[in-house]
Amino acid sequence: MPTPFAARLLPCLLGLVLLGLPSSRAQGTVPAGTERVSQVARCLKLRRDAPPVAAALAESLLREADLTVEDELKTLSCLGIAAGLSGDRKRAVEAGARMERLVLAHPELALAFRARAYSQAGSVFHGAGQIHRAEAAYLRVQDLARQLPADEAALFQATTLSNIGLIHADYLDSPEVADGFHRKALAIAASVGLEDPAILHNHVLNLVRLGRTAEALAVIDQGEAMAHRRQALAVVERLRAERAGIWITQGRLGPAQQVLTSVIRAQQTSADTPGLAGSLAKLSTLQRIAGDATAALATARLAWSHVDGTPQPQKQREVLRAWMAAHAALGQADGVMAVGARLHALEMETLKAQRLASLAELQARSESAAAQRELQAMRHKAQIQALNDDKARLLRKAGVVAMILLVMAGVGFGLLQRRKNRQLRAVSATDPLTGLRNRRAAGTALQAMSTQRATPGMRHVLFLIDIDHFKQVNDGFGHHAGDDVLVGIADALRTLCRPGDVIARWGGEEFLMACPDLTAAQACTVAARLHERLGGARELAPGRAWDLTVSLGFAPFPFFEEGREGWEYAIRLADRALYAAKDRRNAWAGLWGRTLPDGASAAGVLEEPENAVRSGNVDLMASYAIERLPKTALRAA
């Protein structure tokens, strides 16, 4: 359940999306005082479920001369979101720009309200395709959020991380990177009791794109329940459409068609044009699979009419792919090439909109020019062939058939090659015995974790786990028993880790676990839990048991408060802590930096950590009593 704090802040931050009927205010008769505040709130509720009604209501409210600054900002937010969803990009951008100017002109506004206004302006620019302006607004939100209490700042951080994930998925073609941002946004939202079904919806879209359909279905169930609680009707319908899309891939055409028919009817009523386009694209795919390619082509064309010229790159790609597949099913090679040219042009527009490096932009333009020349040559050839005799027309038909076969063969080969490449990447990144990440893949994952700033007051933490006396297992029971122990440790780590944690076989009998966003006390708790759960008696041979114990060492990154030390620095200090724990065996120890000693460097602390511990700049935490610190307690192994 949301915390009392989140319950007070959510209506201002997110706006509820309740579907209502047009009122006198929407028709030009504006009541004053309390009723006007009610109309502003109603506009915010309608902006996603009934964009045309919300836009008309917002325009009516903005004509009033006695609106307060706060109500004017809320009304502009309503207008910008509604106009973007209706495809009126120019009006949406103008509303976002007015919001920014209004906030700058009124520095007396409360800090939290200014952050909310910039967050909403960023959402307006994002929905209008102005990604560079959206990013600038999100950066302003983060700057202001740093001055707010931790719980309040977390609300803005969750929304901003979800939006950054959308940018990676929609404009940078990086769904794997987007997945990390969506998961962190959900974790932060859960930590402060924030219920935002839009964050779950964005996560579902990315999971579908990654092919994780089972996980996507589970998140859809969770998102629908939350959207019903928040009365976010547009999100409910979009999630239902995504479930139907997954069912289509599973061959459940009958239930999928029933759901899509209901969803399309609801989205037509509410004028959710981007959602309607996505639902129609899924219906086109269903019709094509069911054998009605003609209906699939007509439905795809109707879907395109709802997103043509709008800043909806993800929906546009989905519609264009369904359109191309319908042409291919009908054997219309010219149609496939024409729609393919539109898809190619869309990708080029997305690249240029993001201001990519000049070399990449030049390459994109060159490829676009080459594609246009190729299409012109094909059209010219078709015109010449149309003037030939019957024999030439027969040859042309044969060429079209051959082209279709080549396209289908090329697509099939490309999909097969892509699958093989994914399998090769998975094999090269996986330890063959335990199925965990290997050392190289773990380094890549840790580098990605390093780029994500920890929640204020917390740090990312590395744990190194070493099996005590492992050589005695191999010598006394055989290498197969040693392999069983390693596999058992790996399975236990999987059950103990959280979503977003990194686990890997670091080498030999040594394992690594990295957890984002922990305090020093939480790191000690995790170390104690790992130490307890990974150890214990193991039957390695009939009638012969082994009392398995492990030693652990951990360190955070960045290591010092406000520091910039990366995970490589932390791994070396965690190794020092592990050495201290193994000196006792069956123990754990951790090093936690407070402040860098005056005049010292991070490299110097790494060489002589015991001096920093004695001076109080570094805390040494352990499962055993530390009565005194020998000079060699933390020396390198």
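What follows is calculated from the coordinates using simple rules that are stated; it is not laboratory data. Keep in mind that this is a model prediction, so the values were computed, not measured. Glycine also receives a Cβ, built like all others from the backbone with ideal geometry; neighbour counts cover every protein chain displayed.
Legend: residue pairs 184/282; 74/282; 90/381; 90/315; 184/471; 315/397, Cα-Cα distance threshold 31 Å; pairs beyond threshold, 74/282; 90/381; 184/471; 315/397. Computed as a quarter of the hull surface, the mean projected area of the alpha carbon convex hull for the range 208-271 stands at 4.4 nm². Pairwise alpha-carbon distances in the range 519-597 exceed 16 Å for 57% of all pairs.
Among 156, 463, a tally of other beta-carbon atoms within 10 Å of each Cβ gives an order, fewest to most, of 156, 463. In plain terms, the residue of 215, 108 with the fewest other Cβ atoms within 10 Å comes first and the most crowded comes last, giving 108, 215.
What is the Cα centroid distance between the range 513-585 and the range 244-301, reported in whole angstrom? With the range 513-585 and the range 244-301 each reduced to a Cα centre, they are spaced 51 Å. The calculated FRET efficiency for the pair residue 222 and residue 528, based on their C-beta separation and a Förster distance of 30 Å, comes to about 0.45.
Report relative contact order for the range 439-622 in percent, whole number only (criteria: Cα-Cα under 8 Å, sequence separation at least 6).
Relative CO of the range 439-622 lands at 23 percent.
Annotation for the range 53-144: trypsin sites (Lys or Arg not before Pro) lying in DSSP loop with at most 11 further Cβ atoms inside 10 Å of their Cβ are 63. Each Cα pair of the range 439-622 feeds into the Kirkwood radius, which the Stokes-Einstein equation turns, at 20 °C and 1.002 mPa s, into a diffusion coefficient of 127 µm²/s.
Around the amide H of residue 618, modelled in the peptide plane, lie the amide H atoms of 594, 613, all under 5 Å away and 5 or more residues distant in sequence or on another chain.
For the range 500-594, trypsin sites (Lys or Arg not before Pro) meeting the loop criterion (DSSP other than H, G, I, E, B) and having at most 15 other Cβ atoms within 10 Å: 564, 585, 594. Ranking of 237, 510, 100 by neighbouring Cβ atoms within 10 Å, starting from the fewest: 510, 100, 237. Amide H contacts under 5 Å for residue 566: none, restricted to partners 5 or more places along the chain or on a different chain, H placed in the peptide plane at 1.01 Å from N. Computed on the Cα trace of the range 453-536, the radius of gyration divided by the Kirkwood hydrodynamic radius gives Rg/Rh = 1.04. What the Cβ-Cβ distance of residue 448 and residue 400 gives, at R0 = 45 Å and to the nearest 0.05, is a FRET efficiency of 0.45. Using the Cβ-Cβ distance between residue 614 and residue 176 with R0 set to 45 Å, the FRET efficiency from 1/(1 + (r/R0)^6) comes to roughly 0.55. Amide H to amide H, with H built 1.01 Å from N, residue 557 comes under 5 Å of 460, 461, 462, counting only residues 5 or more places away or on other chains. A simple count of charges around residue 554, restricted to other residues whose Cβ falls under 14 Å of its Cβ and scoring Lys, Arg +1 and Asp, Glu -1, yields 0. Just subtract the alpha-carbon distance of residue 294 and residue 389 from 0.36 nm times their residue separation and send over the number in nm, one decimal. Extending this stretch completely gives an extra 31.2 nm.
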